[in-house]
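For reference, the structure is listed below as structure tokens.
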Amino acid sequence: MPTPTVRLLSPSDDAHLLPYLAYIQAACIYHDKMVATFLPPLDSDKLLEYWREMIQEVGAGTRLIIIQLDELEPGPAAKGGELKGVVTLRMPQTETCTHQGHLEKLMVCPSYRRRGAAKTMIRFLEMEAVKRGRRLIMLSTEVGSPAEKMYPKLGYVEYGTVPGCSIGPSRDTVDDVFFYKQLS
Ligand SMILES: CC(C)(COP(=O)(O)OP(=O)(O)OC[C@H]1O[C@@H](n2cnc3c(N)ncnc32)[C@H](O)[C@@H]1OP(=O)(O)O)[C@@H](O)C(=O)NCCC(=O)NCCS
């Protein structure tokens, strides 16, 4: 039986997961019409470069990448196919924002949904954020998405919506809803 594991991505040990991160992002854009930086038709080189930069930010200490694995053989070396979900925490470096963490790119493989992966990754992200003094978590998501229903259940407070905030995969503008959570 595979074992679900949530942990931080390590730039040295997990660089081989890069194409699998790009794959999950592409799946969420095509399957869920998620607003996730790029518009279809997707260019795989751009997605790979994007995740390369995200992993560099982990190395620079400005971002955490949390991964959900479903491991056949639990151990430090994850296989690409075992990657089932991801969420990142961007940590602004400006002097006035060192207490903030921005939750970005929460994505779970369509075939791995409703098993608690998002909930577990967010709880893990919050623990790691507190360890780094990032006690104010901020995020946005699309109005009408499953994520909009999920965040309040995890203690996130809605503070407003912006009509026509982003351009969605169908090239229509979409409304975004903004949340925050103070961690104790
Ligand atoms: C939103 C998303 C991350 C949820 O991932 P998940 O692993 O299925 O979520 P979980 O199983 O941890 O569910 C957590 C809670 O969220 C809510 N939820 C999740 N999916 C839902 C859905 N489709 N409809 C209604 N509520 C939903 C439920 O309250 C759920 O708790 P419950 O199962 O105990 O009722 C996933 O659907 C996804 O990757 N969607 C596409 C990308 C996206 O929109 N990301 C969010 C960007 S901010």
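Remarks
- Checking the stated criteria, Pro4 turns out to be in a strand (DSSP E or B) and either in contact with a strand residue (DSSP E or B) (Cβ under 8 Å, 6 or more places away or on another chain) or under 30 Å from Ile167 (Cα atoms) (or both).
- The test for being at pLDDT 95 or above, near the ligand (Cβ under 9 Å from one of its atoms) and surrounded by 15 or more Cβ atoms within 10 Å (Cβ to Cβ) holds for Glu148.
- Of the residues making up the stretch 34-88, just one is surrounded by fewer than 16 Cβ atoms within 10 Å (Cβ to Cβ), under 20 Å from Leu125 (Cα atoms) and aliphatic (A, V, I, L, M), namely Ala60.
- Restricting Leu64, Leu72 to those that are modelled with pLDDT of 95 or more and among the hydrophobic types (A, V, I, L, M, F, W, C) reduces the list to Leu64.
- Every condition in (1) surrounded by 13 or more Cβ atoms within 10 Å (Cβ to Cβ); (2) more than 26 Å from Gly155 (Cα to Cα); (3) among the hydroxyl-bearing types (Ser, Thr, Tyr) is met by Thr120 except one, and the failing one is (2).
- Scope the stretch 89-103; condition surrounded by fewer than 17 Cβ atoms within 10 Å (Cβ to Cβ) and under 19 Å from Tyr156 (Cβ atoms); matching residues: Pro92, Cys97, His99
- Number of the exception - Cys28 against (1) under 18 Å from Thr88 (Cα atoms); (2) touching a helix residue (DSSP H, G or I) at 6+ places or on another chain (Cβ under 6 Å): (2)
- Residues in the stretch 108-139 that are under 14 Å from Leu69 (Cβ atoms) and touching a helix residue (DSSP H, G or I) at 6+ places or on another chain (Cβ under 8 Å): 2 in all.
- Of all residues making up the stretch 147-184, the number that are assigned to a loop (DSSP other than H, G, I, E, B), of a type in the set (Asp, Glu) and in contact with a Pro (Cβ under 7 Å, 6 or more places away or on another chain): 0
The values are calculated or read from the model by the stated rules, or taken from the named source; none is laboratory data. Keep in mind the model is a prediction, meaning the values are calculated, not measured. For neighbour counting, all protein chains shown are included, and Cβ atoms are generated from backbone atoms with ideal geometry for every residue, glycine included.
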